[in-house]
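S.K.: Encoded as structure tokens, here's the structure I'll be asking about.
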Amino acid sequence: NIVSRLEMYPMPYSYLTQITLGRDLPASTPQLYSNENLKVSHPNESLYEITGFSPEDKTLILSQSFDSGWQAYYLKNSNSAFIGRLHQVFPFLFGPSLNDHLMVNNWENGWTLPNEEITSDSKIILVYIPQYLEYGGLVILVAGLTLSILSLRKKDH
């Protein structure tokens, strides 16, 4: 197989997402507010860490298919790397959850931010809770293999 030509065509995403059908169209479509100061860390597929909030932020949107397994927790930023890592791995132990999980644009995950509690030194951890079942299964697998190998070694001696 030989590729002789490759072409890319730009997609007018903003235009396409604002198309609506109906008789009574609104005079103006509300514009999406975007915070330029947000910093997002995405170390794996089931975890996001977001910092840099401002008082104007009302809703946090995760552009992935809506699933109730996605949970959001808000915590205070920590100066300790170890504590920060613990916050990432077990956010449900260290901070309250954002309970207003809603569907945005008929497919995305969204959370209403409690503005009085979210400050510039806060962070929000988004985690896909069902992923912990896989992690637990891997721990059980490794523990089972280790115990099997140790019991076989004991029998040989």
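S.K.: One residue is enough: does segment 48-56 have a residue meeting the conditions loosely packed, with under 10 Cβ neighbours inside 10 Å and of a type outside the set (A, V, I, L, M)?
M.R.: Yes, there is a match, as at least one residue in segment 48-56 is loosely packed, with under 10 Cβ neighbours inside 10 Å and of a type outside the set (A, V, I, L, M).
S.K.: Checking Glu117 against (1) over 24 Å from Glu56 (Cα atoms); (2) more than 19 Å from the chain's Cα centre (by Cα): exactly one of these is not met. Which one?
M.R.: Among (1) over 24 Å from Glu56 (Cα atoms); (2) more than 19 Å from the chain's Cα centre (by Cα), Glu117 violates only (1).
S.K.: Continuing with this model, one more query. Being at pLDDT below 90 and touching a helix residue (DSSP H, G or I) at 6+ places or on another chain (Cβ under 8 Å), is that true of even one residue in segment 73-94?
M.R.: yes
S.K.: Pro91 - would you say it is over 30 Å from Tyr13 (Cα atoms), open to solvent by less than 40 Å² (accessible area, probe 1.4 Å) and in contact with a strand residue (DSSP E or B) (Cβ under 7 Å, 6 or more places away or on another chain)?
M.R.: yes
S.K.: Moving on. Only residues that are within 30 Å of Ile61 (Cβ to Cβ), of a type in the set (Ser, Thr, Tyr) and free of Cβ contacts under 8 Å to residues at least 40 places away in the same chain: list them for segment 120-157, please.
M.R.: Tyr132, Tyr135
S.K.: Here are the criteria: (1) open to solvent by 50 Å² or more (accessible area, probe 1.4 Å); (2) over 14 Å from the mean Cα position of the chain (by Cα); (3) at pLDDT 90 or above; (4) not hydroxyl-bearing (Ser, Thr, Tyr). Tell me which single one Phe66 does not satisfy.
M.R.: Single failed check for Phe66: (2).
S.K.: When both residues are 6+ apart or on different chains and their Cβ atoms are under 8 Å apart, which pairs have a first residue that lies in segment 46-58 and is free of Cβ contacts under 8 Å to residues at least 24 places away in the same chain, and a second that is open to solvent by less than 30 Å² (accessible area, probe 1.4 Å)?
M.R.: Hits for this filter: Glu56/Asn35.
The values are calculated or read from the model by the stated rules, or taken from the named source; none is laboratory data. In this text the structure is predicted, and so the values were computed from the model without any measurement. Note: ideal-geometry Cβ built from the backbone for every residue, glycine included; neighbour counts use all protein chains shown. Note: accessible area is taken over every heavy atom of the protein model, side chains too, but ligands, DNA and RNA are not part of it. Shrake-Rupley method; radii C 1.70, N 1.55, O 1.52, S 1.80 Å.
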